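Q: Below you'll find the structure I mean.
The values are calculated or read from the model by the stated rules, or taken from the named source; none is laboratory data. Computed from a prediction, not measured in an experiment: that's the story for all the values here. Glycine also receives a Cβ, built like all others from the backbone with ideal geometry; neighbour counts cover every protein chain displayed. Protein only, heavy atoms only, side chains kept; ligands, DNA and RNA dropped before computing areas. Shrake-Rupley method; radii C 1.70, N 1.55, O 1.52, S 1.80 Å.
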Amino acid sequence: STWGHFSAMARAAYDIVVCGATGFTGRLVAQYMAAQYQTDCGVVWAIAGRSLARLNELRAELPENGKPALLVYDAADPVSVTALVRQARVVLSTVGPFALHGRPLVEACVRLGRSYVDITGEAFWVRDMMDSYEAEAKSTGARIVSCCGFDSVPSDLGVLFLAEHVRERYGEPLGRVSAVARMSGGVSGGTIASMANIMSSSAAMRASAEPFLLCDGPDRARAPSEFERDRRGLSWDAMGRTWTVPFIMAGVNTRVVRRSQSLRSYGSGFEYNEAMPVSGRFAGFVTLTVLGLSLVLLYFRVTRWLLQRFVLPAQGSGPSAERRAAGRFRFVHSTTLSTGQVVRVAVAGGDPGYGETAKMVAEAAVCAARLTPDRVGGFFTPATLLGYAYIKQLQARGMTFEVLDNDATR
């Protein structure tokens, strides 16, 4: 019952428990929480992991008035995971690759009716969790929101922001939306491990290729339009007014946005796709060549092992503070109104993969902790569970959401 769910949540010792806190991204989340949600701010949080020594080491690095409680748990022991999750209103997980390590926390959150947010970009794993636990989540009141990092918050909230603007200003639903994504920044060993895990599984590759993978019922079965098909080569984006090549994150971002559409409907004619802009045809061909070669090397087991062993960052490591400080991202979402006018919005921020991912998932957890307990359970997207309040929270923390004038594409 709703009251039973509320009283259980009220008994939770912590608003947010950060799991995987001693990993690369987990540490950044803990540092962000310690800076923004100090002990007197009303958000009670804890960090959790396998090793008490490493948790103590992390806690010692955090400011005096931002030191969280420490919780030790064993992800391989269901009793230990249950005891951990019982103490949280919201579980925030950075424990990837999620296909290898993510299930126990989701299962416990669903069973105990807790909220859960994570930073996965593994859409095939999200589908697996939905198939396994969605019916139970609806009955227990658990609210599960994956993809609360760089994939797929800018895409998902950018569409929500555009939809609200177009509805308020022009009184129209959304039709076709095209996004172009610019980004710079480093990559961590955990991200590489997740990508390698997908590339090593033909089932994961097959599922990831489904355009409506995260939709349900007839929405999942429908054939994509020409516009909705995954981008393959160099193409001209008429609304974005730029040449584009495939964007590596589009395979998860487009699936998340389409799930948002199936849960809340931006309009009966809504279609979404995204790509990465290039300065011209030659730059496009160079980018496609590098991208294609990288994917080929990750696809074969021997070259994948060699890359991970000798070239790419190891799991648990990632870009330096200087590299992260220089990182930036900017998404421009465009749509055409019934009058033919093109409307554009931009979502922008700092280091996409890590600094801003830590911010996005931490603020998602805070928003989830503040939700009223009478909200129905299930599997959501950032836009459909957290909504405009989440946009406002991220704006207050320095991410920008802005309506562009008709000539601004960059």
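Q: Looking at ARG259, ARG229, ARG255 in this structure, which one is touching a Cys at 6+ places or on another chain (Cβ under 6 Å) and at pLDDT 95 or above? Please lay out each step first, then the result.
A: On the way: ARG229 fails: touching a Cys at 6+ places or on another chain (Cβ under 6 Å); ARG255 fails: touching a Cys at 6+ places or on another chain (Cβ under 6 Å).
Going through ARG259, ARG229, ARG255 in turn, the sole match is ARG259.
Q: For residues that are under 16 Å from THR289 (Cβ atoms) and in a loop (DSSP other than H, G, I, E, B), scanning just region 227-245, find the one that is least open to solvent (accessible area, probe 1.4 Å).
A: GLY233
Q: Tell me, which helices (runs of 4 or more DSSP H) wholly within region 56-139 include 3 or more residues that are surrounded by fewer than 23 Cβ atoms within 10 Å (Cβ to Cβ) and within 23 Å of the chain's Cα centre (by Cα)? Before you say what the answer is, go through the steps one by one.
A: Values: elements: 78-86, 98-101, 103-112.
Answer list for region 56-139: 98-101, 103-112.
Q: In addition: If you go through region 261-318 one residue at a time, how many are polar (S, T, N, Q) and under 22 Å from the mean Cα position of the chain (by Cα)?
A: To start, the set of residues in region 261-318 that are polar (S, T, N, Q) comprises 261-262, 265, 268, 273, 279, 287, 289, 294, 303, 308, 315, 317.
Checking which are under 22 Å from the mean Cα position of the chain (by Cα) leaves us with 261-262, 265, 273, 315, 317.
Of the residues in region 261-318, 6 are polar (S, T, N, Q) and under 22 Å from the mean Cα position of the chain (by Cα).
Q: Would you call TYR170 touching a strand residue (DSSP E or B) at 6+ places or on another chain (Cβ under 9 Å) and within 28 Å of THR25 (Cα to Cα)?
A: Numbers: touching a strand residue (DSSP E or B) at 6+ places or on another chain (Cβ under 9 Å): yes; within 28 Å of THR25 (Cα to Cα): no.
Answer is no for this residue.
Q: Output the number of the condition that ASP151 fails; it satisfies all remaining conditions of (1) modelled with pLDDT under 95; (2) acidic (Asp, Glu); (3) over 17 Å from GLY353 (Cα atoms).
A: (3)
Q: Look at region 242-260 and say how many of its residues are in contact (Cβ under 8 Å) with a residue 60 or more places away in the chain, within 20 Å of GLU134 (Cα to Cα) and not β-branched (Val, Ile, Thr).
A: Residues in region 242-260 being in contact (Cβ under 8 Å) with a residue 60 or more places away in the chain, within 20 Å of GLU134 (Cα to Cα) and not β-branched (Val, Ile, Thr): 3 in total.
Q: Another question, then. I'd like the residue in region 164-174 that is in a helix (DSSP H, G or I) and open to solvent by 10 Å² or more (accessible area, probe 1.4 Å) and, out of all such residues, is farthest from ALA358 (Cα to Cα).
A: Narrowing region 164-174 to residues in a helix (DSSP H, G or I): 164-170.
Applying the additional criterion that residues be open to solvent by 10 Å² or more (accessible area, probe 1.4 Å) yields 164-165, 167-170.
Numbers: GLU164: 26, HIS165: 27, ARG167: 31, GLU168: 31, ARG169: 33, TYR170: 35 Å.
The selected residue is TYR170.
Q: Among the candidates ALA209, ALA203, ALA163, ALA193, single out the residue that is modelled with pLDDT under 95 and touching a Pro at 6+ places or on another chain (Cβ under 9 Å). First the steps, then the outcome.
A: Details: ALA209 fails: touching a Pro at 6+ places or on another chain (Cβ under 9 Å); ALA203 fails: touching a Pro at 6+ places or on another chain (Cβ under 9 Å); ALA163 fails: modelled with pLDDT under 95.
Just one listed residue meets the conditions, ALA193.
Q: Helices (runs of 4 or more DSSP H) wholly in region 302-410 with at least 1 residues that are of a type in the set (Lys, Arg) - which ones?
A: Working: elements: 321-326, 355-370, 382-385, 387-396.
Once the helices (runs of 4 or more DSSP H) in region 302-410 are filtered for at least 1 residues that are of a type in the set (Lys, Arg), what remains is 321-326, 355-370, 387-396.
Q: Which ones in region 358-391 are without any contact (Cβ under 8 Å) to a residue 60 or more places away in the chain and under 17 Å from the mean Cα position of the chain (by Cα)? Break it down stepwise before answering.
A: First, the residues of region 358-391 that are without any contact (Cβ under 8 Å) to a residue 60 or more places away in the chain: 363, 367, 370, 372, 389.
GLU363, CYS367, ALA389 - these are the residues of region 358-391 that are without any contact (Cβ under 8 Å) to a residue 60 or more places away in the chain and under 17 Å from the mean Cα position of the chain (by Cα).
Q: With the condition kept exactly as written, say whether any residue in region 335-357 is over 14 Å from SER178 (Cα atoms), surrounded by 19 or more Cβ atoms within 10 Å (Cβ to Cβ) and basic (Lys, Arg).
A: No, every residue in region 335-357 fails to be over 14 Å from SER178 (Cα atoms), surrounded by 19 or more Cβ atoms within 10 Å (Cβ to Cβ) and basic (Lys, Arg).
Q: Please find, among TYR32, TYR37, TYR73, TYR116, the residue that is touching a residue at least 12 places away in the same chain (Cβ under 8 Å), among the aromatic types (Phe, Trp, Tyr), more than 21 Å from ASP156 (Cβ to Cβ) and touching a helix residue (DSSP H, G or I) at 6+ places or on another chain (Cβ under 6 Å). Spell out how you get there, then give the answer.
A: Numbers: TYR32 fails: more than 21 Å from ASP156 (Cβ to Cβ); TYR37 fails: touching a helix residue (DSSP H, G or I) at 6+ places or on another chain (Cβ under 6 Å); TYR116 fails: more than 21 Å from ASP156 (Cβ to Cβ).
Answer to the selection: TYR73.
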